[in-house]
Each structure stands twice: as C-alpha cells, then as structure tokens.
Amino acid sequence: MPRVLAEPGVVTLLGGIDTGKTTFGLELARRAHAAGLATAIVDADVGQSTVGPPTTVGLRHVRHAGDLERDVLRTDALAFVGSVSPRGHSLSLVTGTAKLVARARNEGAELVVVDTTGLVAGLAGQRLKFHKLDMVRPDHVVGFQRGGELEPLLGIARRFTTAKVHEIPVGDDVPARSVEDRVTYREQRFAAYFAPGVSRWRVKPTVFMPSLPPGFDLALLDGLVVGMEDGCGHCPGIGVLEFDAAEEILRMVSPVSEGVRGLRLGSIRIDTSGRSRGPVDLRQLFGTE
Ligand SMILES: Nc1ncnc2c1ncn2[C@@H]1O[C@H](COP(=O)(O)OP(=O)(O)OP(=O)(O)O)[C@@H](O)[C@H]1O
Ligand SMILES: [Mg+2]
C-alpha cells in the first residue's frame, strides 16, 4: 500500500473469488483519503457489488471516511452491464469500467481503485482482464494469489501495460463464502436498491437496445432487468420490466424515473425484492445470433 500511495493513479485489483480484493481496496481508499488524496472507487464486480446494484459497474468518490463502510457505499455514477457474471458480457463490462475510470479521473480523482470480479481462470479470464487493462491503462496492478493461478494475468499486466505489478499472497485466514451466501448478498443488494420506493410507468416497445424483432411477444420480457440510458452515455439507474397481461403493455419499475431516453436489456430476471428468477439468453429469446 505505501508504494501505491506514494505514486497514486489507477489501481486495478486482480484475484480469484474470496481473495480479499474488496477488503484491500476499501482499506487502500481509506488510507488514500486520510492522506489527503482525492480518491474514488470503481466497482467492476457485477455480482458481488459494493458500489451500485448488481448488473452494473459503479463509481463512488470518497468524500468522508464513513463513506467506505461496505453497506453505505453510495453511488455517483453507473454503467449498465446487465448480468451478474462477466461471461458473455465482457464488452459492456470493459467499456463500462473504462468509462467510469475516465470519468473518475476527469472529476478530479487522484487515486482510483478498480475492484473486479473473481473471473481470472482460462481464456475467458485472460481475455477479459487483458481488455480491461488495455482500456483502463492502470498505474498499478495488485494481484491476490493463492498458488500460481494468477501468473498468466500478471504476465499480461507486465508485458502489455506499464503498470507496476504488486503481488499479495492470500493467507489461509481469508474465509471462503458459499454460493448461497453470494446469492443472498446479491439479493440484498438488489433489494436495497429498490427499497427507497419505486414508480411504474409505461414503456414503448421501441425504446430498447437491442431493439425488439418484429412481432416480438412482450410477455417474454416480464421480470427482465434493464439499464436506463440518458442518451449522453450515462446510466441514471436500473429497473425491472413488468408485463401487464390485461393491457398487453410493458411497465418499467424503478426508483429512478427521470432522464431516461433508452433502455438496455439485461440478461437476468428478478423481482423487486431482489430474488432471482433466472438467467435469460437474449439470442434465444430473439431467435437470432
Ligand atoms: N487479509 C485478510 N485477512 C483475513 N481475512 C480477510 C483478509 N482480507 C479479507 N478477509 C475476509 O475475507 C472475506 C473475503 O474478502 P473480500 O470480500 O475482500 O474478498 P474478495 O476477493 O473481494 O471476494 P469476492 O470474490 O466476493 O469479490 C471477507 O469476509 C473479509 O473480511
Ligand atoms: Mg469483492
């Protein structure tokens, strides 16, 4: 940490699941803020989110030390990804992360901590992290490693970026969280997002990205998570679509209702209490590639 604080900039955290990335990132942000650095967190973990609801990348500028408690991390900006795992969504994840890191810097952050998902294995992990590093161009990469599993990624960071690479061995005392714990946490994060109260409004079937094929059965979109876009590259929030069978219309259910010009379709269904109703493959739904 002292080496990062001495030369602040963008710091990308890499590591498998349950390796202590988020705990480290919050502590680094705390110390940076205490040292008087303008500090921001970009949370690119779309499943176990700390900033913003799941399915999004979130940006938070640290204004007070108290901002950094896990359950009070408010959100200054969002980028929609639409899924709770990076698989099949790396394009939105990479562009959204790059967009919010650039925004954090433009808004004055001197130290930007980029937290990431635990997808580090295989071709998917390598490609995702390569493109993320390539777009974000971090000054530091901090790798959390148990037993050599991160070597391919740290090699990529060393060879394809100018970042200083720091390795932190993961101790045996970092506990593993069960799949159920992860699902429960995610539901709570969704529920907390919708908790302040929602409004409902009718949406036209022409507002979506991707646009719906002709004759599309709107009932298939019931429960789908959607991201709002303001037309200027910003995501004011997310919502859930509701199909009204009596009127054969779609309604948007969301705590945010202003500044919306278009809606991006996500790839999971939930209800507003946060419970998952399962993944959705848009290609299957649309009958196209
Ligand atoms: N250095 C550490 N020593 C002991 N326990 C730790 C340490 N770092 C984190 N922990 C604990 O380990 C758990 C997982 O930590 P954390 O959430 O930071 O990991 P992560 O890599 O971000 O996980 P995820 O894959 O869910 O994003 C937490 O309960 C945390 O309190
Ligand atoms: Mg984490």
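Readers should treat all values here as calculations from the given coordinates under stated rules, not as data from a laboratory. If you're wondering where the values come from, they're calculated on a predicted model, not measured in any experiment. Here Cβ is always computed from backbone atoms with ideal geometry, including for glycine, and neighbour counts include all displayed protein chains.
In the range 102-147, taking the dipole from charged Cβ atoms about the Cα centre, the farthest positive-side position among LEU111, MET135, GLY125 is held by GLY125.
For the chain, what is the mean residue ellipticity at 222 nm derived from helices alone (per DSSP H run of n ≥ 4: -39500 (n - 2.57); sum divided by total residues; nearest 500 deg cm²/dmol)? Walk me through the numbers before you get to the answer.
Details: 7 runs with 82 residues, N = 289.
One gets -8500 deg cm²/dmol as the mean residue ellipticity at 222 nm.
Taking the Cα centre of the range 104-215 as origin and assigning +1 to Lys and Arg Cβ atoms and -1 to Asp and Glu Cβ atoms, the resulting dipole is close to 660 debye.
How long is the gain from GLU7 to ARG105 if the chain were fully straight, where each residue apart is worth 0.36 nm and the alpha carbon distance is subtracted? The partial results should precede the final answer.
Details: separation 98, 0.36 × 98 = 35.28 nm, distance 1.50 nm.
Length gained between GLU7 and ARG105: 33.8 nm.
Less than 5 angstrom separates the built amide H of VAL203 from those of LEU250, ARG251, MET252, all sequence-distant by 5 or more or on a different chain.
Amide H contacts of GLY262: GLU229, GLY231, each under 5 Å away and 5 or more positions distant or on a separate chain (H built 1.01 Å from N in the peptide plane; Pro and chain starts excluded). The range 236-250 and the range 1-31 have their alpha-carbon centroids 40 Å apart.
Relative to the longest principal axis of the Cα atoms of the chain, the long axis of helix 90-106 makes an angle of roughly 60 degrees.
May I ask for the longest run of the chain untouched by trypsin sites (Lys or Arg not before Pro) that are loop-located per DSSP and have at most 16 neighbouring C-beta atoms (other than their own) within 10 Å?
Working: sites that count: ARG63, ARG74, ARG87, ARG146, ARG177, ARG261, ARG275.
Between exposed loop sites, the widest span is 178-260.
Just subtract the alpha-carbon distance of SER178 and THR23 from 0.36 nm times their residue separation and send over the number in nm, one decimal.
Numbers: separation 155, 0.36 × 155 = 55.80 nm, distance 1.75 nm.
Between SER178 and THR23, full extension yields 54.0 nm more.
In this label model, THR162 and VAL198 are separated by 4.7 nm, measuring between points 7 Å along each Cα→Cβ vector. 3J(HN,Hα) along the range 138-144, derived from phi through the Karplus expression 6.51 cos²θ - 1.76 cosθ + 1.60 where θ = phi - 60°, amounts to x, 7, 9, 10, 10, x, 9 Hz, with x in place of Gly and Pro.
In debye to the nearest 20, how big a dipole does the chain give about its Cα centre with +1 on each Lys and Arg Cβ and -1 on each Asp and Glu Cβ? Write out the running numbers ahead of the final one.
On the way: 34 positive and 34 negative charges, 111 e Å.
Here the chain has a charge dipole of around 540 debye.
Can you compute the charge dipole magnitude of the range 181-286 about its Cα centre, using +1 on each Lys and Arg Cβ and -1 on each Asp and Glu Cβ, nothing else charged? Give it in debye, rounded to the nearest 20.
Numbers: 13 positive and 13 negative charges, 49 e Å.
With only Lys, Arg, Asp and Glu charged at Cβ, the dipole is about 240 debye.
Relative to the longest principal axis of the Cα atoms of the chain, the long axis of helix 151-160 lies at roughly 80 degrees. Between VAL62 and THR39, ALA40, ILE41, the built amide H atoms are under 5 Å apart, and every one of these is 5 or more places off in sequence or on another chain. In this label model, MET209 and GLU151 are separated by 4.2 nm, measuring between points 7 Å along each Cα→Cβ vector.
Loop-resident GluC sites (Glu not before Pro) (DSSP state other than H, G, I, E or B) in the range 217-272 with no more than 15 further Cβ atoms inside 10 Å of their Cβ: GLU247, GLU248, GLU258. Students often forget the sequence filter, so: which lysines lie under 22 Å Cα-Cα from LYS132 once same-chain residues fewer than 8 apart are removed? Those lysines meeting the cut-off are LYS21, LYS99, LYS164.
Net charge of the neighbourhood of PRO236, taken over other residues with C-beta under 9 Å away and scored Lys/Arg +1, Asp/Glu -1, is -3. Working note: Karplus 6.51/-1.76/1.60 with θ = phi - 60° gives the range 226-242 the couplings 10, x, 8, 10, 9, x, 10, x, 10, 10, x, x, 10, x, 10, 7, 10 Hz, where Gly and Pro are set to x. Applying the Karplus relation 6.51 cos²θ - 1.76 cosθ + 1.60 with θ = phi - 60° to the range 15-26 yields 3J(HN,Hα) values of x, x, 5, 6, 10, x, 4, 5, 4, 4, x, 5 Hz, where x marks Gly and Pro.
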